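Where a number appears in this text, it was derived from the coordinates with a stated rule and is not lab data. All values derive from a computational prediction rather than experimental measurement. For neighbour counting, all protein chains shown are included, and Cβ atoms are generated from backbone atoms with ideal geometry for every residue, glycine included.
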Amino acid sequence: MAYDAHHADGHAHPHWDTSIYPFIISFGILALAIAFSFKFVYHNGFAAILALGLAVPMIIAGIVGWTSEAMGKGEGLSYGAMGWFIVAEAMIFVSFFVGYWYTRLHADVWPPAGTVALPKLLPLVMTFILVASSLTIHYAEHLLHLGNKAGFRTWYVITIVLGACFLGMSAYEWSHLIHEGFTISTNAFSTVFFSVTGLHGSHVVVGLAIFLAGLPSVLRGGDVDEGFMRTAGLYWHFVDIIWFFVVSQVYYW
């Protein structure tokens, strides 16, 4: 919500920009919580799928719509605000990791009974893809700054494709582990694994939604909001850095 003062008849009148998209996102998050309750509390898989089918589109549509509204309004405080937002998000990850470290270091046996062998090659491939996507968005920003819109458009789309590939691999891994009977409720390690990788995956979804919000403008070849792209790129670099902690602590420790 942005405040703007304009003058009419010699008086300043406040004008507030309003948006319906935070409202949509809130209901999406509520539906997501309900989906988890149906699955893990009431053990009703069908109802959980229905709730999840409502939650995900609402959250993504809300993020895309809200960020689309911000385009063309200048960078303002968005870049600095994103920095503070990243600090807050990092604290959430830290709390997960601290809980994991405490649980592991105080366990008599680790990994607990029921733990399956996690893949070792797939996380490396996923790491390579995510690092590559961070490099491509950085290069895309560089080309945009130079005024090379065609080159920027190419590398911007490549970044989105790489991010989608990362999510696809994560979904494949989850599906494979769940079919082996390794779920979030199997033991303490499975709870940590699905919680941390799921939290990171949700941030990848948010990053892709932000990129998708800018995609129509990019594809049209018109003026691209450089401030918006810098802010989106900063968030994506954060997602990349967090993955290094996830992959090192959860997969290889």
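So if each residue of separation counts as 0.36 nm, and I subtract the Cα-Cα distance between Phe36 and Ser202, what length gain in nm does that give?
Details: separation 166, 0.36 × 166 = 59.76 nm, distance 1.44 nm.
In short, 58.3 nm is gained.
Computed FRET efficiency, Cβ-Cβ of Ala47 and Tyr79, R0 30 Å: what is it to the nearest 0.05?
Computed FRET efficiency for Ala47 and Tyr79: 0.10.
Any idea what angle helix 188-220 forms with the longest principal axis of the chain, computed on alpha-carbon atoms, 0 to 90 degrees, nearest 10?
So the inclination is approximately 30 degrees.
Report, in deg cm²/dmol and to the nearest 500, the calculated mean residue ellipticity at 222 nm for the chain, where each DSSP H run with n ≥ 4 adds -39500 (n - 2.57) and the sum is divided by the residue count. It would help to have the intermediate numbers written out before the result.
Details: 7 runs with 185 residues, N = 253.
One gets -26000 deg cm²/dmol as the mean residue ellipticity at 222 nm.
With a point put 7 Å past each Cα toward its Cβ, work out how far Ala132 is from Glu226 in nm, to one decimal.
Going from the Ala132 label point to the Glu226 one covers 2.9 nm.
I want to verify the translational diffusion coefficient of segment 76-251 in µm²/s; compute it with Stokes-Einstein, Rh as the Kirkwood radius over Cα pairs, at 25 °C and 0.890 mPa s.
Working: Rh = 17.5 Å.
Once the numbers are plugged in, D ends up at 140 µm²/s.
With the crude spin-label approximation of a point 7 Å out along Cα→Cβ, what separation in nm comes out for Lys149 versus Phe245?
3.9 nm
Using the Cα centre as the reference, give the magnitude of the dipole from point charges on the C-beta atoms of the chain (Lys, Arg: +1; Asp, Glu: -1; all else neutral), rounded to the nearest 20 debye. Intermediate results must be reported in sequence, preceding the final value.
Working: 8 positive and 14 negative charges, 115 e Å.
Roughly 560 debye, rounded to the nearest 20.
Can you give me the Cα centroid spacing of segment 176-253 and segment 145-173 in angstrom?
13 Å
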